[in-house]
Amino acid sequence: MSETVLYILIGSLLIIVYFLFNKYRGPIADHHDEHHDTPDGVCCGRHTVCDKGYDNSNLYFDDEELDRYKKRGENDYTDEEADEFRQVLYTMKEEEVEQWVKCLQTRQIALPSQVKDEVLLMLQ
């Protein structure tokens with residue numbers, strides 16, 4: 001009898017943990033609110049690229065072929081698909097990279113994980 005109670009308690013605990021895990025996990029973008037201002041006006045540090053002070057309303061890069069990757073995970077790209085991002089990346093000026101990444105984020109296009117290190121090196 002006590003083993004049955006123990007199994008029921010463990011099963012219940014696992015179900016609770018499962019639902020809590022699913023409730024609080026997910027991409028950071030799902031929990032993104034537009035106002036991350038700190039009291040001293042410094043970037044909040046919650047994003048790979050700081051969006052403080054950018055007007056994204058008229059950002060445009062000639063990369064509409066990347067729009068087909070909208071809402072894909074960063075780990076869901078093949079090496080050939082990641083090369084498409086590299087082609088765009090290496091044809092732009094270094095000072096445009098930060099705005100391009102922000103533009104991709106605005107368009108809900110995740111940067112492939114295979115390309116992230118290269119982008120971060122260019123941003124330094």
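So here's what we get for this one:
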item: Residue in region 50-60 that is in a loop (DSSP other than H, G, I, E, B), at pLDDT 85 or above and either small (Gly, Ala, Ser) or surrounded by 11 or more Cβ atoms within 10 Å (Cβ to Cβ) (or both) present; result: no
item: Subset of region 101-124 (residues that are under 14 Å from Tyr69 (Cβ atoms) and either part of a loop (DSSP other than H, G, I, E, B) or more than 11 Å from the chain's Cα centre (by Cα) (or both)); result: Cys103, Arg107, Gln108, Ile109, Ala110, Leu111, Pro112, Gln114, Val115
item: Residue list for region 81-110, filter: out of contact with any Lys or Arg (no Cβ under 9 Å at 6 or more places or on another chain) and among the polar types (S, T, N, Q); result: Gln87, Thr91, Gln99, Gln105, Thr106
item: Test for Met92: is it at pLDDT below 90 and part of a loop (DSSP other than H, G, I, E, B); result: yes
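The values are calculated or read from the model by the stated rules, or taken from the named source; none is laboratory data. Just so it is clear, the model here is predicted, and its values are computed rather than measured. Ideal geometry is used to build each Cβ from the backbone, glycine not excepted, and the neighbour counts take in all protein chains shown.
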